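**Q** Take a look at the following structure, please.
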Amino acid sequence: MIQSIMNAAVLGSIYLLFSMGMSLAWGTVGILNFAHGAIFMFSSFAVYLITSMTALPAILCVIIAALVGAILSVLMQTLVYGVIRKRSTDHHAAERNVIIGGIGLAAILIGFASHATKSGSFGFATTDQNPVLEFAGIRITAVSLTIFVVAIAISIALAMWIRRSRGGLALRTVGVDAETAKLMGINESRLAIGTMAFAGLLAGLAGGLLTIHLVAINPTTGDGLLLKAFAAIILGGVGSVLGVVIGSFVLAFVETFMILGGVGGWASAVAFAIIFLVLIIRPRGLFGRAEVRRT
Amino acid sequence: MAIHLRSGAAAASIVLAGALALVGCTGTTSPTPDPTGTTEPDAGGLPAVIELLGVRDQTGAVAYTGISAAKGTALAVKQAAEEAFLGEGVTVEVDERDGAFDPTVASTAITEGLASGNISAILGPQISNEALAVAPIAEAAQVPIVFTQSGVDGLLTGQFGYRASSSQSSVWPRAIEKIVADGAKTVVTFVSANNATYNQLGTVVIPPLLADGGVEIAQTFDFESSVTDFAAAAGQAAAASPDAIVVTLIGPQMPTLITQLRQSGYEGPVYVTAAMTDDQMKSMGDAGHDVFFPTNFSYAISSGLPAEFTKAFQAEFGENPDTYAAETYDQTWWVLRAIKQANSADPIAINDALLALGLQGFEGVQGKLTFIDGRDAVSPGVLVEWDPVAAVQKIAG
């Protein structure tokens, strides 16, 4: 049982790492980035291309993936989302066009990777192994443990930064009312670039860690995780760090114990039914009231 | 993509092709013409251009299957051209279209392809959902459609549908025989919940085979195709210490599952479907030991038609063929022989010839193929083991 709980916690951490950046961008600067899964995938794909030529240490693979994710995300914000938002007639049109733009960007990145890999799986050639650690009868790989620790550490750090720093306050202000934030001297476009860079960094980090953890991913792996991320974010409450943490772990535990119970084919149905019920009872999600964007 | 069958001028080729037609009629056709034959083909009923329509996934989640499939067809058509199999001046064009892992796209591709009115036969999709969607279209148009893969039940209910690849259920007895021979008493199974073919294999086909061998299924885990992490179930399976593990998940899921089984401490044999490509096998590294899969074709087969096919494929494409290419190679040769036997490009005449050839059976690169009701291929199958050190397939001992 403890082993199963640990495995579910690692799965929750995977969802959390993936969802955190997406939730942050959506709940603060208002960018619902449908290309988040594609950034996740393409960051790994970039490392795969590099390690096809020469094997690298796993830690370097993860760092490169994170950097690629950040760069991709900044490019998207600068060249696409920022432009779309500027040229849109109103806030709703901007949100809608950003969603469509994200879908288009995702299709381009996935198409490129699919073409290069024939839609096959790809992984990293690393110079080191992923050892299995064993303590008190619990087995966990070094990368699984890393995913868990990194996801929790980033969540705590991000929550504290948002609550206690001037940058976090500015971000929350933009999330509540972008127009007022602008009047208060907050440079929204710079903040949006910074937020997207961090979101992309997390997507790339998740991509790098997950590719090592899962051995290989394929060009559409990010799409499946995108759906899980939506579920986790909506369940927890858009923009709430604690919400996305809880949402990710609830989703992972429900799925895990459905699978262990021999009814894994119903895992998504039950997980989304729970989310459906939560939305009926608490439309803003479990923790959305205090921090969710109100514009 | 259009692939042209250009006739060679040599009279010897005609003689060889005639021999092949003769052998085809007797149910022992080889893709390589019999040099002892003397029958000259009668191409009088054939038009200068015969059009086939291929709908396979060139993009989407399993594009690698469709890309391989197209190569199998291309090789068959090229060889037939070199042998002037259909006679002098007869050209075969294959209009390859992308099913894109989407039944709607596949249906549109078939509909648009048939719009010309000149299609003699269809080389159908490999994905069950696509196959189920397009079968009624071919049936309504009265154009024969020959599928590969697409192992779902209920596909071949019409008069124009065929399947050229043996189903997983026909080759899985090879794996069960080894499980039983190794003295296994319990297994744990991992089954795809929403892939129709693999779900049926894992829930309907394999359990009775195991039961007949006196092997108990200790536990079954089912997974949706979107699941990427199997650590919890792998841990529980390893804790049960089964004698073997049987996996009928989709290809991209299996390397992760097997690796996580090893990480959970399970070191026993793992029996998987033939859906894993060599690249996916390689990604497992050392964890890929004791991994077996029953299949209708492997490049590791060192003799006979499969070996000849492997050699020709390597020469043409510079890589080892996979099962998808082998299946479409047999599929395409079946259609070409039917055209030859019908001596006509008329779909209904070809349909009759396909059925006649199917009732006789023939030797293909999948082994000796027989056909249920003349439509649905069955092959003996072979059990293959992955060699993680050499990173190649080998025939299981």
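**Q** Consider all pairwise Cα distances in region B:129-189 and report the whole-number % of them above 19 Å.
**A** 45
**Q** Just for chain B, what percent of DSSP beta bridges are antiparallel, to the closest 5?
**A** In chain B, approximately 30 percent of DSSP beta bridges are antiparallel ones.
**Q** Still on this structure, I have one more. Two decimals is fine: what's Rg over Rh for region B:150-219, C-alpha atoms, Kirkwood radius as Rh?
**A** Across region B:150-219, the Cα-based Rg/Rh ratio is 1.04.
**Q** Further question on the same structure: Could you work out [θ]222 nm for the protein assembly as shown from helices alone, using -39500 (n - 2.57) per DSSP H run of at least four and dividing by all its residues? Round to the nearest 500 deg cm²/dmol.
**A** Value at 222 nm, helices only: -17500 deg cm²/dmol.
**Q** Excluding residue B:353 itself, what net charge comes from residues whose Cβ is under 11 Å from its Cβ, given Lys and Arg +1 and Asp and Glu -1?
**A** Taking every Cβ under 11 Å from that of residue B:353, the sum is 0.
**Q** Which value, in Å² and to the nearest 10, is the accessible area of residue B:303 when all protein chains are kept and the probe is 1.4 Å?
**A** Here the accessible area works out near 80 Å².
**Q** Mind checking the dipole of chain B: about its Cα centre, +1 per Lys or Arg Cβ, -1 per Asp or Glu Cβ, Debye to the nearest 20?
**A** 300
**Q** Something else about it: About its Cα centre, what dipole magnitude does the protein assembly as shown give when the only charges are +1 on Lys and Arg Cβ and -1 on Asp and Glu Cβ, stated in debye to the nearest 20?
**A** 3220
**Q** Let me ask something else about it. Can you list the residues in region A:136-169 whose accessible area drops by at least 10 Å² when all protein chains are present, compared with the chain alone? Use a 1.4 Å probe, heavy atoms only.
**A** A:139, A:141
**Q** Based on the Cα atoms of region A:204-295, what semi-axes does the equivalent ellipsoid have, where each is the square root of 5 times one gyration tensor eigenvalue, given in whole Å with the largest first?
**A** Ellipsoid semi-axes (Å, largest first): 24, 18, 10.
**Q** In what order, largest first, do A:155, B:226 sit by accessible area if the probe radius is 1.4 Å?
**A** The residues order as B:226, A:155, largest area first.
**Q** May I pose another question? Based on the Cβ-Cβ distance from residue A:161 to residue B:286, what FRET efficiency comes out when R0 is 45 Å, to the nearest 0.05?
**A** Once the sixth-power term is evaluated, E becomes 0.65.
**Q** For Cα pairs less than 8 Å apart in space and 6+ apart in sequence, what is the mean separation divided by the residue count of chain A, i.e. the relative contact order in percent?
**A** Relative contact order comes out at 35 percent.
**Q** At 1.4 Å probe size, put A:220, A:54, A:195 in order of accessible surface, largest to smallest.
**A** Ranked from most to least accessible, the order is A:54, A:220, A:195.
**Q** Nearest 5 percent is fine: what portion of the DSSP beta bridges confined to the protein assembly as shown is antiparallel?
**A** In the protein assembly as shown, approximately 35 percent of DSSP beta bridges are antiparallel ones.
**Q** Okay, moving on. What average number of partner chain Cβ atoms lie no more than 10 Å from the Cβ of the residues making up A:237-249?
**A** 0
**Q** With the Cα gyration tensor of region B:200-301 in hand, give its eigenvalues times 5 under a square root as the equivalent ellipsoid semi-axes, listed largest first in whole angstrom.
**A** 19, 18, 14
**Q** Between residue A:169 and residue B:390, what is the label-point separation in nm under the 7 Å Cα-to-beta-carbon projection?
**A** Once both label points are built, they end up 7.0 nm from each other.
**Q** Shifting gears a bit: Please work out how much accessible surface residue B:178 shows to a 1.4 Å probe, ignoring ligands, DNA and RNA, in Å² rounded to 10.
**A** Approximately 40 Å² for this residue.
**Q** Identify which of A:33, A:187, A:218 has the largest mean-square fluctuation in a Gaussian network model of chain A, with springs joining Cα atoms closer than 10 Å.
**A** Evaluated over chain A, the most mobile residue of the options is A:187.
**Q** Pairs of alpha-carbon atoms within less than 8 angstrom and 6+ residues apart define the contacts here; what relative contact order does region A:103-217 have, in percent?
**A** 30
**Q** While we're on this one: Any chance you could run the full-extension gain for residue A:55 through residue A:125? It's 0.36 nm times the residue separation minus the Cα-Cα distance, nm to one decimal.
**A** 24.7 nm
**Q** Go ahead and set up a Gaussian network model of chain A, Cα springs under 10 Å, then flag whichever of A:22, A:196, A:53 fluctuates most.
**A** Among A:22, A:196, A:53, the largest mean-square fluctuation in the Gaussian network model of chain A belongs to A:53.
**Q** Determine how large the accessible area of residue A:71 is when every protein chain is in place; take a 1.4 Å probe and give Å² rounded to the nearest 10.
**A** That residue has around 100 Å² of solvent-accessible surface.
**Q** Additional query: Determine which aspartates and glutamates satisfy two conditions relative to residue B:340: a Cα distance under 19 Å, and not lying fewer than 8 residues away in the same chain.
**A** B:34, B:40, B:42, B:51, B:82, B:83, B:88, B:93, B:330, B:352, B:363
**Q** For region A:19-226, give the magnitude of the charge dipole about the Cα centre (Cβ charges: +1 Lys/Arg, -1 Asp/Glu; no others), in debye to the nearest 20.
**A** Charge dipole of region A:19-226: 380 debye, to the nearest 20.
**Q** With all distinct Cα pairs included, what does the Kirkwood hydrodynamic radius of chain B come out to in Å, to one decimal, could you say?
**A** So the Kirkwood estimate lands at 21.4 Å.
**Q** Would you work out which of B:364, A:9, A:126 lies farthest towards the positive end of the dipole of the protein assembly as shown, given +1 charges on the beta-carbon of Lys and Arg and -1 on that of Asp and Glu, about the Cα centre?
**A** Value: A:9.
**Q** Using the charge dipole of chain B (Lys, Arg: +1 at Cβ; Asp, Glu: -1 at Cβ; taken about the Cα centre), state which of B:193, B:164, B:250 has its Cα farthest towards the positive end.
**A** Farthest towards the positive pole: B:164.
**Q** From other protein chains only, count the Cβ atoms within 10 Å of every residue's Cβ in A:3-10, then give the mean.
**A** Mean shielding by partner chains, rounded to a whole number: 4.
**Q** Then there's this: Too long at a 25 Å Cα-Cα cut-off: which of B:178/B:368; A:86/A:228; B:71/B:178; B:71/B:282?
**A** Pairs exceeding the cut-off: A:86/A:228; B:71/B:178.
**Q** Could I ask something else about it? Going toward the positive end of the dipole of the protein assembly as shown, with +1 on Lys and Arg Cβ and -1 on Asp and Glu Cβ, which of A:234, B:146, B:332 do you reach last?
**A** Checked the options; the winner is A:234.
**Q** For chain A, set up a Gaussian network in which alpha carbons nearer than 10 Å are linked by springs, and say which option among A:27, A:194, A:247 fluctuates the most.
**A** It is A:194.
**Q** What is the distance, in nm, between label points placed 7 Å from the Cα along the Cα-to-Cβ direction at residue A:78 and at residue B:359?
**A** Here the answer is 7.1 nm between the modelled labels.
**Q** Hey, could you grab the Kirkwood Rh for the protein assembly as shown? Inverse mean 1/r over distinct alpha carbon pairs, Å, one decimal.
**A** 26.9
**Q** Could you order B:229, B:98 so the one with the most accessible surface comes first? Probe is 1.4 Å.
**A** The most accessible residue leads, giving B:98, B:229.
**Q** Which FRET efficiency value, to the nearest 0.05, do you get for residue A:88 and residue A:279 by plugging their Cβ-Cβ distance into 1/(1 + (r/R0)^6) with R0 = 30 Å?
**A** The computed FRET efficiency comes out at 0.65.
**Q** Provide, for q = 0.22 Å⁻¹, the log10 of I(q)/I(0) from a solvent-free Debye sum over equal Cα point scatterers in region B:70-193.
**A** With no solvent term, the Cα-only Debye profile gives -1.28.
**Q** Moving on to the next point. What Kirkwood Rh does region B:320-397 have if only Cα atoms enter the pairwise 1/r average? Answer in Å.
**A** By the Kirkwood definition, the hydrodynamic radius is 14.0 Å.
**Q** Mind jotting down the distance between the C-alpha centroids of region B:312-390 and region B:128-199, whole Å?
**A** Spelled out, the Cα-based centre of one part sits 15 Å from the other.
**Q** All other residues with a Cβ under 15 Å from the Cβ of residue A:113 taken together, and with Lys, Arg as +1 and Asp, Glu as -1, what is their net charge?
**A** -1
**Q** Specify, per residue and in Å³, the volume enclosed by the convex hull of the alpha carbon atoms belonging to region A:19-226.
**A** 120
**Q** Placing one identical point scatterer on every Cα of region B:226-281 and ignoring solvent, what is log10 I(q)/I(0) from the Debye formula at q = 0.18 Å⁻¹?
**A** -0.54
The values are calculated or read from the model by the stated rules, or taken from the named source; none is laboratory data. Being a predicted model, the structure only gives us computed values, none of them experimental. Positions of Cβ are backbone-derived with ideal geometry, glycine not excepted, and every protein chain shown enters the neighbour counts. Just so you know, the surface numbers come from the protein's heavy atoms only, side chains and all, with ligands and any DNA or RNA stripped out. Shrake-Rupley method; radii C 1.70, N 1.55, O 1.52, S 1.80 Å.
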